[in-house]
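Following: one structure in structure tokens, then a few remarks.
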């Protein structure tokens with residue numbers, strides 16, 4: 001049972017209602033995570049703003065989704081694991097093998113795997129990565145802007161993982177088993 005209520009989009013007013021209407025128009029639904037964040041328009045707006053900005057990042061939607069899966073599994077977030085499995089496969093077109101590997105921070109593509117390993121290290125060290133970790137991800141072909149985008153993607157996903165873990169948000173995507181990787 002959720003520990004923070006998910007608002008009904010039909011019964012919500014004000015800024016949260018405006019954001020719910022925009023989400024409904026874009027996704028055809030308002031996922032429970034966003035309905036729960038809507039208790040605070042500032043929280044929902046902050047999530048939507050950073051998420052929207054990262055949708056324009058140079059690392060792209062596919063890597064953003066794979067990072068989300070790596071981080072969700074590192075943090076034990078059932079909601080995000082299910083949501084990003086669905087989004088990755090159905091909306092971004094990522095194959096099931098790549099999705100499954102990303103849960104462990106792995107990929108058949110060496111460059112993507114370097115980003116996922118770096119993302120896991122950011123989570124595991126709470127951002128206190130070694131210089132060699134930065135050197136490794138850059139050696140794989142990522143520039144300073146892309147390293148910053150990977151860190152931002154990790155931070156966004158830590159936020160949503162922690163939010164959903166605290167709220168015990170009801171999963172409204174097909175459930176997927178978490179892997180314990182850290």
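Considering only residues that are more than 12 Å from residue 167 (Cα to Cα), outside any helix (DSSP H, G or I) and within 20 Å of the chain's Cα centre (by Cα), which ones fall in segment 1-46? Give the steps one after another, and end with the answer.
As a first pass, look at segment 1-46 and keep what is more than 12 Å from residue 167 (Cα to Cα): 7-31, 38, 40-46.
Next cut, outside any helix (DSSP H, G or I) only: 7-13, 28-31, 38, 40.
Listed by number, the residues that qualify are 28, 29, 30, 31, 38, 40.
Quick check, is residue 178 buried (at least 21 other Cβ atoms within 10 Å of the Cβ), touching a helix residue (DSSP H, G or I) at 6+ places or on another chain (Cβ under 6 Å) and either modelled with pLDDT of 95 or more or on the phi < 0 side of the Ramachandran plot (or both)? So that I can check it myself, show each step before the final result.
Working: buried (at least 21 other Cβ atoms within 10 Å of the Cβ): no; touching a helix residue (DSSP H, G or I) at 6+ places or on another chain (Cβ under 6 Å): yes; either modelled with pLDDT of 95 or more or on the phi < 0 side of the Ramachandran plot (or both): yes.
Taking the combined requirement at face value, the residue does not satisfy it.
Out of all the residues in segment 95-107, is one or more in the same structural domain as residue 138 (by TED's automatic domain parsing), over 20 Å from residue 151 (Cα atoms) and buried (at least 24 other Cβ atoms within 10 Å of the Cβ)?
no
From the set of residues in segment 20-42 that are in contact with a helix residue (DSSP H, G or I) (Cβ under 6 Å, 6 or more places away or on another chain) and farther than 21 Å from residue 91 by Cα, which is surrounded by the most Cβ atoms within 10 Å (Cβ to Cβ)?
37
Can you name the condition, by its number, that residue 70 falls short on among (1) surrounded by fewer than 21 Cβ atoms within 10 Å (Cβ to Cβ); (2) touching a helix residue (DSSP H, G or I) at 6+ places or on another chain (Cβ under 9 Å); (3) at pLDDT 95 or above; (4) within 24 Å of residue 145 (Cα to Cα)?
(1)
Would you confirm, using the coordinates I've provided, whether residue 120 is within 30 Å of residue 45 (Cβ to Cβ), surrounded by fewer than 19 Cβ atoms within 10 Å (Cβ to Cβ) and in contact (Cβ under 8 Å) with a residue 12 or more places away in the chain?
Spelling it out, it is not the case that residue 120 is within 30 Å of residue 45 (Cβ to Cβ), surrounded by fewer than 19 Cβ atoms within 10 Å (Cβ to Cβ) and in contact (Cβ under 8 Å) with a residue 12 or more places away in the chain.
Residues that are in a helix (DSSP H, G or I), out of contact with any strand residue (DSSP E or B) (no Cβ under 7 Å at 6 or more places or on another chain), within 14 Å of residue 172 (Cβ to Cβ) and free of Cβ contacts under 8 Å to residues at least 24 places away in the same chain: does segment 51-74 have at least one?
No: segment 51-74 contains no residue that is in a helix (DSSP H, G or I), out of contact with any strand residue (DSSP E or B) (no Cβ under 7 Å at 6 or more places or on another chain), within 14 Å of residue 172 (Cβ to Cβ) and free of Cβ contacts under 8 Å to residues at least 24 places away in the same chain.
Suppose we filter segment 138-155 for residues that are crowded, with 21+ Cβ neighbours inside 10 Å and part of a helix (DSSP H, G or I); how many remain?
The number of residues fulfilling the criteria is 4.
The values are calculated or read from the model by the stated rules, or taken from the named source; none is laboratory data. Keep in mind that what you see is a predicted model, and the values were worked out from it rather than measured. In this analysis, Cβ positions are derived from the backbone assuming ideal geometry, glycine residues included, and neighbour counts consider all displayed protein chains.
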